[in-house]
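The values are calculated or read from the model by the stated rules, or taken from the named source; none is laboratory data. Computed from a prediction, not measured in an experiment: that's the story for all the values here. Using ideal geometry, Cβ is built from the backbone for each residue, glycine included, and neighbour counts are taken over all protein chains shown. Just so you know, the surface numbers come from the protein's heavy atoms only, side chains and all, with ligands and any DNA or RNA stripped out. Shrake-Rupley method; radii C 1.70, N 1.55, O 1.52, S 1.80 Å.
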Amino acid sequence: MIKHKLAAQLYTLRNEVKKDFPTVLRELKTMGWEAVQIDGLHGYAAADIAAVMKELGLQTAGMHVGLNRMQTDLDAVLEEARLFNTRDFICHSLPDELMNPEGYASVRRVLHEVAAKVSGRGFRVGYHNHDFEFQTFIEGKFALEYVLDDPTIYPEIDTYWVKKADQDPLSFIQKYPFRMPILHLKDMTVDGRKYFAEVGTGLIDFAPILKWGLHNGVEWFAVEQDYCPGNPMDSLALSLSNLLALEEAIG
């Protein structure tokens, strides 16, 4: 069942989490989510949040971690991963000064070095894309492809940002069978604004994406909506409902 592979990316609820992290987790569990993806702790202790998740039976679909923190605070990152019982920590974005050929080369090198330190201990290092990696070419390919050419770096492809870059999400993820533990599901509005939308309400056809993921090693489908038109909880509820309705379509 796809339900057991769906996770709510907590960046969607960043403002709510800052106010009351445990209550947000309880509401997500009640809504029907079985996992969350960590995106910062907002002043809360990792052990305390992990305890709440354990109490609720919520699993962890990886953690988003900044590149600098991977370099300067790796021991703490690994301890958080252990507490949250996840193998995956993913570079979630890049500063502007790295969005050039030299910058992407350094990013690939740093991620490779971190992966070399942690892979023997059971951890996986990933990279989450936006659309800007499609704006730079290196060695005749998109910067994103260049970074992910290193087999020690696990892709976390985001469907919305691929679409925003005028690429086809399904075709792009098909480059990475059995290399992508986590896939980001995010939709795009149909009104021409190319803005964030609840999954199942926009331009992206998710049924073949889900089907491909289920047959090609995707362990978690993380749902993220950077900005919501109203209450982010309502947006996540709609995305969850629409995804569960696709169960029959994906077989």
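Worth pointing out:
- Annotation: LEU10 carries an accessible surface of approximately 10 Å², with a 1.4 Å probe and no ligand, DNA or RNA atoms counted.
- Maximal additional length on extending the ARG26-ARG121 stretch stands at 31.1 nm, based on 0.36 nm per residue less the C-alpha distance.
- Value of [θ]222 nm, deg cm²/dmol, for the chain, DSSP H segments ≥ 4, -39500 (n - 2.57) each, nearest 500: -12500 deg cm²/dmol
- Within the shell of other residues whose beta carbon sits under 12 angstrom from the beta carbon of GLU34, the net charge comes to +3, with Lys and Arg scored +1 and Asp and Glu -1.
- Reducing the stretch 62-78 and the stretch 102-161 to their Cα centroids gives an inter-centroid distance of 15 Å.
- Excluding the site residues themselves, the longest part of the chain lacking any GluC sites (Glu not before Pro) in a DSSP loop with at most 16 other Cβ atoms within 10 Å is 1-138.
- Candidates LEU98, LEU13, LEU203: whichever shows maximal mean-square fluctuation once the chain is modelled as a Gaussian network with Cα springs under 10 Å: LEU98
- The residues packed around ALA207, meaning those with a beta-carbon under 15 Å from its beta-carbon, carry a net charge of -3 if Lys and Arg are +1 and Asp and Glu are -1.
- Among (1) 13.6; (2) 31.1; (3) 12.8, the entry that matches mean projected area of the Cα convex hull in nm² as calculated here: (3)
- Taking the 1.4 Å solvent-accessible surface of the stretch 1-107 as the whole, the part contributed by carbon and sulfur is 49%.
- Close amide-amide hydrogen proximity is noted between GLY126 and PHE89, ILE90, CYS91, TYR154, each under 5 Å apart and 5 or more residues distant or on a separate chain (H modeled in the peptide plane; Pro and chain starts excluded).
- The spacing between the stretch 182-202 and the stretch 206-224, judged by their C-alpha centroids, is 16 Å.
- Long-range HN-HN contacts of ALA8 with modeled amide H, under 5 Å: ALA35, VAL36, GLN37, VAL223
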